[in-house]
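Notes follow once the structure below has been shown.
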Amino acid sequence: MQLATVKELSDGLAARKFSSAELVQFYISRINRLQNSYNCFISVDEARSMAQARAADALRAAGKAQPLTGVPVAQKDIFCTQGWLTTCGSKMLSNFVSPYDAHVIECFNRAGAVNLGKTNMDEFAMGSSNETSFYGPVRNPWDGERVPGGSSGGSAAAVAARLAPAATGTDTGGSIRQPAALTGICGLKPTYGLVSRYGMIAFASSLDQGGPMARSAEDLGLMLNVMAGFDARDSTSLQRASTDYLGQLARPLAGLRIGLPREFFADGVSPQVASAVDAAIAEYRKLGCTVVEISLPNMGLSVPVYYVLAPAEASSNLSRFDGVRYGYRAADYDNLEQMYERTRAEGFGAEVKRRILIGAYVLSHGYYDAYYIRAQKLRRLIAQDFAEAFKQCDLIMGPTTPSTAFKIGEKSGDPVQMYLSDIYTIAVNLAGLPGLSIPCGFDGGGLPVGLQVIGNYFSEARMLNAAHQYQLATDWHQRVPSGCE
Ligand code: GLN
């Protein structure tokens, strides 16, 4: 069962080959056996998951099953989940049991899916390696000495190690695509506004977007069909006619124009990543696509722009964690101010504090124009680069990350090196565009390489079509880390 995709599990449940209760039991035992090796989960609640599984079986017996009914899905611990511990990877929320469900959780509940547990993540989704979690680092199933990427590293590693058929993630600067690439799975960051942020703990609200992580493009589509849709509780949620994200999977790719940004293939990308990506592009040519070189001239500014804007928004969003309303509160203090100070000093980790300091600085009187306003203007230019590029091509492709998975500890002492691991993903968030990553090969050390596909606004169905056709022609997405077969 562990080798099955969401699609296969959905079909198996429909054909009554197994029940949801059996399926969930199977995954829970696998998680119990392998949790110590990878540390993918922050909490599992067997009783709750099993109750949902039995409810799903009852729905099916009543003839009310939908495609995901009874399918187990792991949820990133950034999504508030009623009755579950929801920590966001932080000591600050280490005692927080959510009184309500995030929109995304409601969507999966309505579809009859089973919550398999809450996955480990970088603290408040700040990181690219899953090393900033209060709950300890996640290990990459392809090599336990290496990071799975971040911040959705627990979700990525869980899917890669077959501890869950699929999981949710969130992507502010690359946190779905980068860990998907480093663990050899598929991940999609939708167009900003497609998936409601209600109940998704905020990091940088103008960039945050939830999305699916799974083993195939088809599975991403099945999940996006459940997750996407208007929600009045998120003021940036988009009100549009609903789309079937599986609707274009079979469309031939002949005539599809692929743009290769010169800047993605310049210095900085490892030769082995570049050659796997080149081979993927060659495969697309065989499938009838045409390839044009394009340029995103302001790409080089995306990391610095992001590290002004994201911390600015984070410093504001994280001001709510003050020890008064919910979450952690320092034990010893003499007065209110000391209570705030100690709560925040003890409750937040080093990376989160760094972001709050940077954010408060760039928003402060005297620096606001020089940094924050300037970064907003550059953000517009970065978005315009993509608008120009999409006049020449339908989809943009390139590497998801500059290198394959790095060693635990290798970059944790050097924030700038860590920030640069998102160099190919961040511009997409700044522009609000959709982007996905699919496996496209391995380096000499057997570590997976991700191909990034970037589309114009709302082109998810076409992107999934391009990814699916590639997956019909190749088998990179079917490789399993040894020990996880
Ligand atoms: N690695 C980036 C950061 O640390 C992006 C994180 C994310 O997408 N949540 O901010």
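Every number here is computed from the coordinates shown, using simple stated rules; none is lab data. If you're wondering where the values come from, they're calculated on a predicted model, not measured in any experiment. As a convention, Cβ positions derive from the backbone with ideal geometry for all residues, glycine included, and neighbour counts pool all protein chains shown.
A few remarks follow.
- Computed from the alpha carbon positions, the gyration tensor of the stretch 193-266 leads to an equivalent ellipsoid with semi-axes of 26, 19, 13 Å, biggest first.
- 20 Å cut-off, amide nitrogen to a point 7 angstrom out along ALA61 Cα→Cβ, residues in the stretch 108-138: 111-115
- Normalised Debye scattering of the stretch 238-316 at q = 0.26 Å⁻¹ gives log10 I(q)/I(0) of -1.13, counting only Cα atoms as equal scatterers and leaving out solvent.
- When +1 charges are put on Lys and Arg Cβ atoms and -1 charges on Asp and Glu Cβ atoms, the dipole computed for the stretch 390-457 relative to its Cα centre reaches about 80 debye.
- Of all aspartates and glutamates in the structure, those lying under 15 Å Cα to Cα from LYS411, and not within fewer than 8 positions of it along the same chain, are ASP122, GLU131, GLU145, GLU351, ASP422.
- Reciprocal of mean inverse Cα separation for the stretch 1-150 (Kirkwood radius, Å): 15.9
- Residue-normalised convex hull volume from the C-alpha trace of the stretch 88-210: 99 Å³ per residue.
- Burial order of peptide ranges 362-368, 432-438 (average beta-carbon count within 10 Å, highest first): 432-438, 362-368
- Label sites at PHE265 and LEU3, each approximated as a point 7 angstrom past Cα along Cα to Cβ, lie 3.5 nm apart.
- Stretchable slack from ILE373 to ASP414, in nm (0.36 nm times residue separation minus alpha-carbon distance): 12.1 nm
- Along principal axes, Cα extents of the stretch 138-267, largest first, whole Å: 45, 41, 32
- Checking the cross-link pairs LYS189/LYS286; LYS7/LYS286; LYS91/LYS189; LYS189/LYS391; LYS64/LYS189 against a 24 Å limit on the alpha carbon distance flags LYS189/LYS286; LYS7/LYS286; LYS91/LYS189; LYS64/LYS189 as lying beyond it.
- Take each peptide in 322-329, 38-45, count the other Cβ atoms within 10 Å of every residue, and average; sorted highest first, the result is 38-45, 322-329.
- Computed extension length for VAL324-GLN82: 85.1 nm, one decimal, from 0.36 nm per residue of separation with the Cα-Cα distance subtracted.
- Whole-Å semi-axes of the ellipsoid equivalent to the chain (Cα gyration tensor, √5λ, descending): 31, 29, 21
- Globularity ratio of the stretch 287-425, using Cα Rg and 2.2 N^0.38 Å: 1.39
- Efficiency of FRET between TYR333 and ALA47 - r from beta-carbon atoms, R0 45 angstrom, step 0.05: 0.75
- Computed from the Cβ-Cβ distance with R0 of 22 Å, the FRET efficiency linking THR236 to SER316 stands at 0.90.
- Peptides 334-341, 449-456, 352-359 ranked from most to least packed by the mean count of surrounding Cβ atoms within 10 Å: 449-456, 352-359, 334-341.
- Only DSSP H runs of four or more residues enter the estimate; each adds -39500 (n - 2.57), and after division by the residues of the chain the mean residue ellipticity at 222 nm equals -11000 deg cm²/dmol.
- Largest-first principal axis extents, alpha carbons of the stretch 264-361, Å: 69, 23, 23
- Extension gain, SER29 back to GLU346 (0.36 nm per residue minus Cα-Cα distance, nm): 110.6 nm
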